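*Asks:* Let me begin by handing over the structure; questions about it come next.
Values in this text are rule-based calculations from the coordinates and carry no lab data. Bear in mind the structure is a predicted one, so any value in this text is a computation, not a measurement. For neighbour counting, all protein chains shown are included, and Cβ atoms are generated from backbone atoms with ideal geometry for every residue, glycine included.
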Amino acid sequence: MKIAFIGLGNMGLPMAVNLLKAGHAVSGFDLVAASLQRLVEYGGRAAATVAEAVAGAEAVVTMLPAGKHVAGVVPEILAAVQGKPLLIDSSTIDVETARRVAAQAAEHGIDLLDAPVSGGVGGAAAGTLTFMVGGTEAAFARGLPVLQAMGKTIVHAGGPGAGQSAKICNNMILGISMIGVSEAFVLADRLGLDRQKLFDIASKSSGQCWSLTSYCPVPGPVPNSPANRGYLPGFAATLMLKDLLLAQQAAEAGGAPTPLGAHAARIYQALVEVGEGDRDFSVTYEYLSDLYRAEAP
Ligand code: NAD
């Protein structure tokens, strides 16, 4: 297929490279010239504008920072495309913008899927991302071969916006559970309970969860968790804050009571403000330890 790829950043470039490896022809556009050059090195084509990238494309993938970028680029795409290519937005954005751009595309008779991902930069490079997809059944069926070249698990979550809804609900669970696990280890430290013992017990008890058993925020129990490499991301705390704020935006718009989600967002906001934003989001353990120590009488 001829595929246009807009947004060749940390995630977009390796995703576009996997499309090339699967045999698709990829024409890319990014505001950063160096990213375009890297796409060319992998066999892609560099376009000078969005319009040039999407000319003749059968599918267009966008991987942009936030809702305002997607809201700006989608009308440019709609004005420039020939025929009825499938649009796939894999950026993590607010549900309202996702639904709005899908409706704009539908006015042009064009299908747009919201298809945010989990799996991070590692998953993007390995082609093992999970895609959570919102859109019609027919659009999902059209998008599947494109998504399969970039990911391993692809789930149709429902109509337009359902992919973004699934993403922020999942990440709200993750943000809250990571803080919960971190607090338990801070308490264990203060009680003189060995961390490994807490891990051995809780990982087989009702405290068991992904934040504990796959991504443990203290060094030791899970050898490949970021805690063992100085909280090098992984998934940076700023990105977790972004997703928690999107969840809060959706909760306010939909009238959903999410008090722990709101509190988790405040904790990540404070963590980012003290300069920890570029570290892995499991740095909550270190942050909470230090915070409590600083506040101790
Ligand atoms: P990034 O900042 O590395 O890449 C975004 C790219 O978009 C940049 O190269 C930027 O130049 C480009 N861009 C911005 N505006 C543009 C425009 N108008 N036209 C063309 N290009 C434009 O971000 P990223 O880490 O690749 O993340 C992309 C999206 O994926 C975000 O929504 C993020 O929340 C989501 N995400 C990221 C991760 C992760 O681990 N990095 C994981 C899951 C989801």
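*Asks:* Answer yes if at least one residue in the stretch 54-65 is surrounded by 20 or more Cβ atoms within 10 Å (Cβ to Cβ), free of Cβ contacts under 8 Å to residues at least 60 places away in the same chain and of a type in the set (S, T, N, Q), and no otherwise.
*Replies:* Checked the stretch 54-65: at least one residue is surrounded by 20 or more Cβ atoms within 10 Å (Cβ to Cβ), free of Cβ contacts under 8 Å to residues at least 60 places away in the same chain and of a type in the set (S, T, N, Q).
*Asks:* Are there any pairs, at least 6 apart or on different chains, whose C-beta atoms fall under 6 Å, with the first in the stretch 223-249 and closer than 12 Å to G261 by Cα and the second within 12 Å of the ligand (Cβ to nearest atom) and not in a loop (DSSP other than H, G, I, E, B), and if so, which?
*Replies:* M240/F281; D243/I168; D243/N171; L246/I168; A247/I168
*Asks:* Return only the number of the condition from (1) of a type outside the set (D, E, K, R); (2) within 14 Å of the ligand (Cβ to nearest atom); (3) surrounded by fewer than 20 Cβ atoms within 10 Å (Cβ to Cβ) that A141 does not satisfy.
*Replies:* (2)
*Asks:* I need the full set of residues from the stretch 149-161 which are free of Cβ contacts under 8 Å to residues at least 60 places away in the same chain and either surrounded by fewer than 22 Cβ atoms within 10 Å (Cβ to Cβ) or within 11 Å of L113 (Cα to Cα) (or both), in order please.
*Replies:* Just the residues of the stretch 149-161 that are free of Cβ contacts under 8 Å to residues at least 60 places away in the same chain, to begin with: 151-159.
Result: K152, T153, I154, V155, H156, A157, G158, G159.
Okay, residues lined up against (1) part of a helix (DSSP H, G or I); (2) within 17 Å of H24 (Cα to Cα); (3) without any contact (Cβ under 8 Å) to a residue 60 or more places away in the chain; (4) among the charged types (D, E, K, R):
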position	(1), (2), (3), (4)
V73	yes, no, no, no
T97	yes, no, yes, no
R100	yes, no, yes, yes
G123	yes, no, yes, no
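*Asks:* Oh, and also: Any residue at all in the stretch 69-92 that is crowded, with 22+ Cβ neighbours inside 10 Å, more than 15 Å from G12 (Cα to Cα), touching a Leu at 6+ places or on another chain (Cβ under 9 Å) and not aliphatic (A, V, I, L, M)?
*Replies:* Checking the stretch 69-92: not a single residue is crowded, with 22+ Cβ neighbours inside 10 Å, more than 15 Å from G12 (Cα to Cα), touching a Leu at 6+ places or on another chain (Cβ under 9 Å) and not aliphatic (A, V, I, L, M).
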